[in-house]
Amino acid sequence: RIAEINGLVSGRLRIAAVTTAEYFVPDLLGPFSAAHQGVEIELAIENRDRVVGRLTQGIDDLAVMMMPPDDLPLERLQFQINPLVIITSSKHALANKTVELNELSTERWLMRESGSGTRMAAEQHFKEHNFKPNVVMSLGSNEAIKHSVAAGLGIAVLSQLALQPSVWSGAQSAAATTKTAVPLDYEALCQAGLSIVKVKDFPIIRHWSVVWRKDNPLSATARHFLDYLQAAAAQKKT
Ligand code: PGA
């Protein structure tokens, strides 16, 4: 199915990405797709548990995620920082305040559904800090979390990438290295009815990786995409 003739790559590229990666993966795929007209891209967006399920079954060439599982034979390329922040409604008394995590124990917490990597990272972090959030609701998407928080239903942990335009396009991209995140546009956030609470030991710092199975040889198209991703990440660092 895959043909690589005189440097021309064609065939199918199957990628699974966790839901939070939907904010930037299309921007990564755009230039690659434009430069490789013969490549048909299939992008599946699922939460972490389902992406792990797809990796287990070997459905995709590549998967983009934050916390690859340890029990599968995977290669990985880490390419981007993923800070997880605490958000409130912009009208909340805590908006833009600096507090200790334990001061948030009586807040109403909104969490992503179980199976979400964002939830897993938040729960790990809370456990490490002996913190028990008062979870009142689980929601199945980042957008549902944002709208519910803006409506004043509670506070939540969310990837900074879900709060701002893509870091892979536009004038801000030069600021996004693998070590530092693009500064948040607080005004735009406020217009969306949201604010950040500055909490000690936050943001939770995680990274995005692209992973693939060691026991499943990469197609020429997938290798080509990895080279492209590595070059894009290197360009952002300069
Ligand atoms: P998710 O994504 O919360 O949408 O599952 C985060 C991740 O698993 O990387």
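Does region 42-60 contain any residue that is crowded, with 18+ Cβ neighbours inside 10 Å, more than 14 Å from the chain's Cα centre (by Cα) and more than 16 Å from the ligand (Cβ to nearest atom)? So far as region 42-60 goes, no, none of its residues is crowded, with 18+ Cβ neighbours inside 10 Å, more than 14 Å from the chain's Cα centre (by Cα) and more than 16 Å from the ligand (Cβ to nearest atom).
Tell me which residues, restricted to region 20-47, are farther than 21 Å from ALA220 by Cα and at pLDDT below 95. If you could, list the steps in order and put the result at the bottom.
Going through region 20-47, the residues farther than 21 Å from ALA220 by Cα turn out to be 20-24, 27, 45-47.
Hits for region 20-47 are THR20, ALA21, GLU22, TYR23, PHE24, ASP27.
Cβ contacts < 9 Å: first residue under 15 Å from ARG76 (Cβ atoms) and charged (D, E, K, R), restricted to region 209-235; second residue in a helix (DSSP H, G or I) and open to solvent by less than 20 Å² (accessible area, probe 1.4 Å), any location; separation 6+ or different chain. Result? Here the result reads ARG213/LEU55, each pair linking region 209-235 to a residue that is in a helix (DSSP H, G or I) and open to solvent by less than 20 Å² (accessible area, probe 1.4 Å). Filtering ASN134, ASN82 for residues that are in contact (Cβ under 8 Å) with a residue 12 or more places away in the chain and open to solvent by 40 Å² or more (accessible area, probe 1.4 Å) leaves a single hit, ASN134. Restricting attention to region 120-129, the residues being open to solvent by 40 Å² or more (accessible area, probe 1.4 Å) and within 11 Å of the ligand (Cβ to nearest atom) number 1.
Restricting attention to region 137-164, which residues are of a type in the set (A, V, I, L, M, F, W, C), open to solvent by 60 Å² or more (accessible area, probe 1.4 Å) and under 26 Å from ASP27 (Cα atoms)? Show your work before the answer.
Of region 137-164, the ones of a type in the set (A, V, I, L, M, F, W, C) are 137, 139, 144-145, 149-151, 153, 155-158, 161-163.
Narrowing the set further to residues that are open to solvent by 60 Å² or more (accessible area, probe 1.4 Å) leaves 137, 151, 153.
Those that are of a type in the set (A, V, I, L, M, F, W, C), open to solvent by 60 Å² or more (accessible area, probe 1.4 Å) and under 26 Å from ASP27 (Cα atoms): none in region 137-164.
The values are calculated or read from the model by the stated rules, or taken from the named source; none is laboratory data. As the structure is a computational prediction, the values presented were derived from the model and not from experiment. Note that we place each Cβ from the backbone using ideal geometry, even for glycine, and neighbour counts take in every protein chain shown. In case anyone asks, the SASA skips ligands and DNA or RNA and just uses the protein heavy atoms, side chains included. Shrake-Rupley method; radii C 1.70, N 1.55, O 1.52, S 1.80 Å.
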